[in-house]
Amino acid sequence: MPQMNMIQALNSAMDIMLGRDPGVIVIGEDVGYFGGVFRTTDGLQRKYGEHRVIDAPIAEGGIIGSVIGMGVNGLRPVAEIQFADYIYPGFDQIASQLAKLRYRTAGEFCAPVTIRSPCGGGIRGGQTHSQSPEGLFTHICGIKVVMPSNPYDAKGLLISAIEDDDPVVFFEPKRIYNGPFDGDPDKPAVPWSTHPAGEVPEGYYSVPIGRAEVVRPGEDLTILCYGTMVHVAQAAARLVEADAEIIDVRTMVPLDVATLRQSVEKTGRCVIVHEATRFSGYGAELSATIQEECFYSLEAPIVRVCGWDTPYPHAFEWQYFPGQKRLVAAIEQVLEAG
Amino acid sequence: MSRTPKLHVPRAPARPGEKPDFSYVHLSPAGAVERPEVHARVRDMSGLADALVRVIDDDHHAVGPWDPHLEVHDLQVGLRHMLLTRAFDERMLRMQRQGRISFYMQSKGEEAVSVAAAMAMAPTDMLFPSYRTQGLQIARGRSLVDLMCQCLSNSRDMCKGRQMPVMYHWSRGNIFSVSGNLTSHYPQAVGWAMAAAIKGDDDVAAAWIGEGSTAEADFHHALTFGAVYQAPVILNVINNQWAISTFQGFAGGERRSFAARGPGYGIASIRVDGNDFLAVYAVTRWAADRARRGNGPTLIEHVTYRAGAHSTSDDPSRYRPKDEWEAWPLGDPVARLKQHLIAEAGWSEARHEALESELRNHVDDCWNEAITYGTMTEGPFLDENELFEDVFRDMPAHLIEQREQMRNLQED
């Protein structure tokens, strides 16, 4: 099976969907002639033409506003917002328009739009190229929110997102575009070709939206994570030799509560980790859900490991990043409690 | 001598108790403005953004190059749509005052802007309305009962009780949903038009906003995208002088017209007498032909006056002279088309009164039918379980669960 990194896998997903469905178009800043600043759309304009892979003005609100209109007119647009940090000028169009169009028109109008956006830090991007704003979007009813952690899922989930008749905000953790990152910036980079999820079928397949994945089965505690943190969690669990069950949430909305419940009912202990800031972050929703669903199985308080509640600092990103050390401490705390 | 900048805060020309002053409204005589070919270059027609296209002159005759030479039948249909819009508004306003509906927004004084435009466009063209363009619905033949049921949030409400009154939509009639977030539909209309061009359709999109919300970023987004991609779209600005309590200067209209923003983006732009049915029709048809032939977008500023309150929650006597509308130099669009028909097409006061009476009866009949589908206080009511539908195409588990929670409470 071919080896792909996450960029190639995402490119392959768009390539396949552009080929299968004449209604699919790709639009965004630098996505056309140049192929995207991360090369995610490389070659697609040459293959499908400038009417289907479209360079856009630098106006995220205009990109999202216009793809809603395209969706209403029968297309299935894939919009790239170059960095998740740039998405806010389009926030009104997402929160008040895209998410609620089907509802406010009682199903007469909808816009099957996918918004792709690289997120997360660890790339020396400072506060305007490192944010993880997924929690701002999971709070909006009417959109699905997805974040893959590996090339196989990235391709399968992006194909599902494009095929979905509801709008999907699709965050791509850019720190793991080229290889799985375990949270240790001093170790040499590892390419996806050394990882089983770097094996990606050439052709069409999909990974369903709304299903979490048990990445590593275990008995002692459950670690809920997604994106880059899936790899950090695995490394941290190995360090302390904890028999952790690691769950890649993958889809934040809709959330696969059943898989989470099943795990915590078994282990009785839960650590939640994400790179986004902690206060009112998505981890709070996960924590509340586990408390509501599994209270009588819990043997220890749930612990959250998150980015600090500060902007992402350029010079101190490894102090900010919820790396292995903080995860190990959390795992030990949860295992020792009770 | 040293000078320091002073913050300029635009001041309305007249406030309550003062004499109305419309000396700031730049007028052109009827028939005076040139009509370029629809394929003319933007740089060759920038004068249209500052002039005022008018067709009906002071003697009620149609004059000049913009006269659309409509058949008498079409003029009568236009008058009928405008009168029906006004009669509908009057009835709904009264129903709100009696507490039968929660809220209403009338379009009095602005009927020509939407009725003439809808008539000038093809039925397959997509319209992106604002909240004061009910004339689009009426000109496209929407049943008043449907509009009334929406305002009543009753069992036949097209929005299933999810939207406050006047937020209509009509997919079969190619009319998009009204949004309470202003100007958000402007870039959406451009995107719709881009999609038409991508697909190779010859359909055109049109959107309407008020002059006040040209200040929103989405106005800029729409003009940028419309110009960059030469989208087949008509971007209408209804300059009715007032955005709730702030006059048009607060949106930046003190020194240049709103139409004058278009040429800076490279967009053909026309300022038109919005109370002149023939002028609105002609300009809209010109813009639609231009778009359909691949010559790109047009920005149209309709100069009109908001004769009524912003909404039923508003009291304009607090911020503008009571007699301002009487002083409005462009008059009443309904009266002007009526006088034109009398002058040129054998219309008469008697026929006009008979038509008004017929339409009032029709509105009464529609209201009586609408309330058989329920009112705010009497059934039949919508099924409240529907409140969980249409958030997503298929209901996800958490919404099924929440619906169960609500049902269980009802059974207690």
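The values are calculated or read from the model by the stated rules, or taken from the named source; none is laboratory data. Worth saying up front: this structure is predicted, and the values here are computed from it rather than measured. Cβ placement follows ideal geometry from the backbone for every residue including glycine, while neighbour counts extend to all protein chains displayed. Just so you know, the surface numbers come from the protein's heavy atoms only, side chains and all, with ligands and any DNA or RNA stripped out. Shrake-Rupley method; radii C 1.70, N 1.55, O 1.52, S 1.80 Å.
Details
- Total residues in segment A:61-88 satisfying the condition of being open to solvent by 10 Å² or more (accessible area, probe 1.4 Å) and either more than 9 Å from chain B (Cβ to nearest Cβ) or at positive phi (or both): the figure is 7.
- Listed conditions (1) open to solvent by 10 Å² or more (accessible area, probe 1.4 Å); (2) facing another protein chain (nearest Cβ under 7 Å) are all met by A:PHE91, apart from (2).
- Picking from residues in segment A:48-60 that are buried (at least 19 other Cβ atoms within 10 Å of the Cβ) and not in a helix (DSSP H, G or I), the one that is nearest to the other protein chains (Cβ to nearest Cβ) is A:ALA59.
- Residues satisfying the stated conditions in segment B:176-193, i.e. among the hydrophobic types (A, V, I, L, M, F, W, C), open to solvent by 10 Å² or more (accessible area, probe 1.4 Å) and within 8 Å of another protein chain (Cβ to nearest Cβ): B:TRP192
- Applying the set (1) open to solvent by 30 Å² or more (accessible area, probe 1.4 Å); (2) part of a helix (DSSP H, G or I); (3) not polar (S, T, N, Q) to B:HIS26 leaves exactly one unmet item: (2).
- Verdict on A:VAL146 being open to solvent by less than 10 Å² (accessible area, probe 1.4 Å), closer than 26 Å to A:PHE91 by Cβ, touching a residue at least 60 places away in the same chain (Cβ under 8 Å) and within 14 Å of chain B (Cβ to nearest Cβ): yes
- Sole exception among (1) touching a residue at least 24 places away in the same chain (Cβ under 8 Å); (2) part of a loop (DSSP other than H, G, I, E, B); (3) within 12 Å of chain B (Cβ to nearest Cβ) for A:ALA106, by number: (1)
- Residue check for B:VAL391: surrounded by 11 or more Cβ atoms within 10 Å (Cβ to Cβ) and not in a helix (DSSP H, G or I): yes
- Residue under evaluation A:ALA79, criteria (1) under 14 Å from A:VAL113 (Cβ atoms); (2) in a helix (DSSP H, G or I), criterion not met: (2)
- Single residue of B:ALA259, B:ALA227, B:ALA291, B:ALA231 found to be closer than 24 Å to B:TYR24 by Cβ and aliphatic (A, V, I, L, M): B:ALA259
- Looking only at residues of segment B:141-175 that are more than 9 Å from chain A (Cβ to nearest Cβ), assigned to a loop (DSSP other than H, G, I, E, B) and of a type in the set (D, E, K, R), we find that the one that is nearest to B:VAL204 (Cα to Cα) is B:ARG142.
- Extreme residue, farthest from B:PRO129 (Cα to Cα), among residues of segment B:190-214 that are hydrophobic (A, V, I, L, M, F, W, C) and either in a helix (DSSP H, G or I) or not assigned by TED's automatic domain parsing to the domain that holds B:ILE175 (or both): B:ILE198
- The numbered conditions (1) in contact with a helix residue (DSSP H, G or I) (Cβ under 8 Å, 6 or more places away or on another chain); (2) assigned by TED's automatic domain parsing to the domain that holds B:TRP347 are all true for B:LEU93 except (1).
- When residues of segment B:233-248 are limited to those that are assigned to a strand (DSSP E or B) and open to solvent by 30 Å² or more (accessible area, probe 1.4 Å), the one farthest from the other protein chains (Cβ to nearest Cβ): B:THR246
- All conditions in (1) more than 9 Å from chain A (Cβ to nearest Cβ); (2) within 19 Å of the chain's Cα centre (by Cα) hold for B:GLN230, with the sole exception of (2).
Residue-wise test of (1) over 30 Å from B:LEU147 (Cα atoms); (2) modelled with pLDDT of 95 or more.
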residue	(1), (2)
B:ALA309	no, yes
B:ASP332	no, yes
B:LYS338	no, yes
B:SER348	yes, yes
B:LEU355	no, yes
B:GLU384	no, no
B:PHE392	no, yes
B:ALA397	yes, yes
B:GLU401	yes, yes
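- Considering each residue of segment B:61-81 in turn, at least one proves to be among the acidic types (Asp, Glu), within 14 Å of B:MET119 (Cα to Cα) and outside any loop (DSSP other than H, G, I, E, B).
- B:ALA227 open to solvent by 10 Å² or more (accessible area, probe 1.4 Å), assigned to a loop (DSSP other than H, G, I, E, B) and either at positive phi or aliphatic (A, V, I, L, M) (or both): no
- Restricting B:ASP364, B:ASP394 to residues that are out of contact with any Phe, Trp or Tyr (no Cβ under 6 Å at 6 or more places or on another chain) and either under 30 Å from B:ASP59 (Cβ atoms) or assigned by TED's automatic domain parsing to the domain that holds B:THR85 (or both) narrows the list to B:ASP364.
- Here segment A:184-243 is the region considered, the condition is being of a type in the set (D, E, K, R) and closer than 21 Å to A:GLY156 by Cβ, and the residue that is surrounded by the most Cβ atoms within 10 Å (Cβ to Cβ) is A:GLU213.
- Residue list for segment B:194-219, restricted to those being at the interface with chain A (Cβ under 8 Å from one of its Cβ atoms) and within 27 Å of B:SER245 (Cβ to Cβ): B:ALA217, B:ASP218
- Only listed residue being under 17 Å from the mean Cα position of the chain (by Cα), within 30 Å of A:GLY61 (Cβ to Cβ) and of a type outside the set (A, V, I, L, M), chosen from A:PRO208, A:PRO180, A:PRO167: A:PRO167
- Among the candidates B:HIS310, B:HIS340, residue that is in contact with a His (Cβ under 7 Å, 6 or more places away or on another chain) and in contact (Cβ under 8 Å) with a residue 12 or more places away in the chain: B:HIS340
- All positions within segment B:321-343 that are open to solvent by 10 Å² or more (accessible area, probe 1.4 Å) and farther than 25 Å from B:PRO29 by Cβ: B:LYS322, B:ASP323
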